[in-house]
Amino acid sequence: MRSGMVSVIGRPNVGKSSLVNALVGQKVSIVSHKPQTTRHRIQGVLHDERGQVVFVDTPGLHRKETRALNRVMNQAAAGAIHDMDLVLFVVELGRWTEEDAAVLQRLEGLHVPVGLVVNKIDRIDDKEKLLPELQKLAARRDFAFIVPLSALKKSNLKGLVDELFSRLPEGDPLYPEDMVTGNDLGFTVAEVVREKLIRTLHQELPYSTTVEIEDYKREGSLDRIHAVIWVEREGQKKIVIGEAGETLKAIGSSARRDLERMLGRKIYLKLWCKIRENWSDDPKMLKRFGLTPD
């Protein structure tokens, strides 16, 4: 049996969360087209007859650190490459940016194997163009392995899993066999609400929004949950609530349906939207919202 911790890193929007969800077999990390959707280090657990892989999905490493929130996200991502058994560096096929180069630079001197995952190969029609792209990437570092795949289409995931189990150390599982995420229910609910917030508002979404669970009670077959969507200004609150509360209602209904499918229980979900000025630049509020270590 083999088991170990595998960090998944890369710039924003290369498909890290989609990859972890695909490998684990269900949603453990929220996904959207908006960069920097992931803010926490999120653990997803893959169970296999050969052992267990614990993936740590990280916020996308980005160059601008304009606010405390940006800085703590970068710190969370950078910190996730240490004390790991293996690191997966995820890039997008056919697109290499300065942010990719900055992530690669952070890997210099790392004493654990680094594998390169080339995502979004479904976007290339002529597969003969794939090999030259892989050769260019291989020249950037002596990677332990290179796996081209599509997280969206779930193609060649087995190839990546085989590479992982060939390199992870022998050891007992780190989590029980029925556990697929290392995060608690309250965290999962908050992330699902935030995903629906992102998908409902699209470009209108204020970057400085977060979700806090105020109360979570289990009453028989019903989970009763109260959650707050925090914003920084009155104008942002109006966007989240919408005309006659319709936007907030749509967010809540979508989140409730998703949670009922995920948890197999009836959900009562009550949402509020509240203002806390400049919370994204306030270390105390970032700690309260679980965005910085205790």
The conditions are (1) surrounded by fewer than 19 Cβ atoms within 10 Å (Cβ to Cβ); (2) touching a helix residue (DSSP H, G or I) at 6+ places or on another chain (Cβ under 6 Å); (3) touching a residue at least 40 places away in the same chain (Cβ under 8 Å), and V193 fails exactly one of them. Which is it? (1)
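For (1) within 22 Å of T200 (Cα to Cα); (2) basic (K, R); (3) surrounded by fewer than 13 Cβ atoms within 10 Å (Cβ to Cβ), each residue gets a yes or a no:
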{"site": "K249", "(1), (2), (3)": "yes, yes, no"}
{"site": "E260", "(1), (2), (3)": "yes, no, no"}
{"site": "R276", "(1), (2), (3)": "yes, yes, no"}
{"site": "D282", "(1), (2), (3)": "no, no, no"}
Return the pair list, or none, for Cβ contacts closer than 6 Å from residues in the range 166-177 that are more than 13 Å from R50 (Cα to Cα) to residues that are at pLDDT 95 or above and exposed (fewer than 10 other Cβ atoms within 10 Å of the Cβ), at least 6 apart or on different chains. none
R123, sole failed condition from (1) surrounded by 15 or more Cβ atoms within 10 Å (Cβ to Cβ); (2) over 19 Å from the mean Cα position of the chain (by Cα); (3) of a type in the set (K, R): (1)
What are the residues in the range 172-192 that are among the charged types (D, E, K, R) and not in a loop (DSSP other than H, G, I, E, B), if any? E191
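Consider the range 146-155. How many of its residues are over 19 Å from K27 (Cα atoms) and of a type outside the set (A, V, I, L, M)? Please lay out each step first, then the result.
First, pick out the residues of the range 146-155 that are over 19 Å from K27 (Cα atoms): 146-148.
Retained after the next criterion (residues that are of a type outside the set (A, V, I, L, M)): 148.
Residues meeting the conditions: 1.
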Enumeration of residues in the range 16-41 that are in contact with a helix residue (DSSP H, G or I) (Cβ under 9 Å, 6 or more places away or on another chain), modelled with pLDDT of 65 or more and under 22 Å from V118 (Cβ atoms): L19, A22, L23, S29
Can you tell me which residue among R63, R141 is modelled with pLDDT of 85 or more, part of a loop (DSSP other than H, G, I, E, B) and in the same structural domain as S17 (by TED's automatic domain parsing)? R141
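Looking at the structure I just gave you, is K270 over 28 Å from G25 (Cα atoms), touching a residue at least 40 places away in the same chain (Cβ under 8 Å) and not assigned by TED's automatic domain parsing to the domain that holds K27? Can you show your working first?
Working: over 28 Å from G25 (Cα atoms): yes; touching a residue at least 40 places away in the same chain (Cβ under 8 Å): yes; not assigned by TED's automatic domain parsing to the domain that holds K27: yes.
For K270, the condition - over 28 Å from G25 (Cα atoms), touching a residue at least 40 places away in the same chain (Cβ under 8 Å) and not assigned by TED's automatic domain parsing to the domain that holds K27 - is met.
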Given G242, G252, G235, which one is within 24 Å of the chain's Cα centre (by Cα) and among the small types (G, A, S)? G252
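The values are calculated or read from the model by the stated rules, or taken from the named source; none is laboratory data. Note that the structure is predicted; figures quoted are calculated from it, not measured. Every residue, glycine among them, receives a Cβ derived from its backbone with ideal geometry; neighbour counts consider all protein chains shown.
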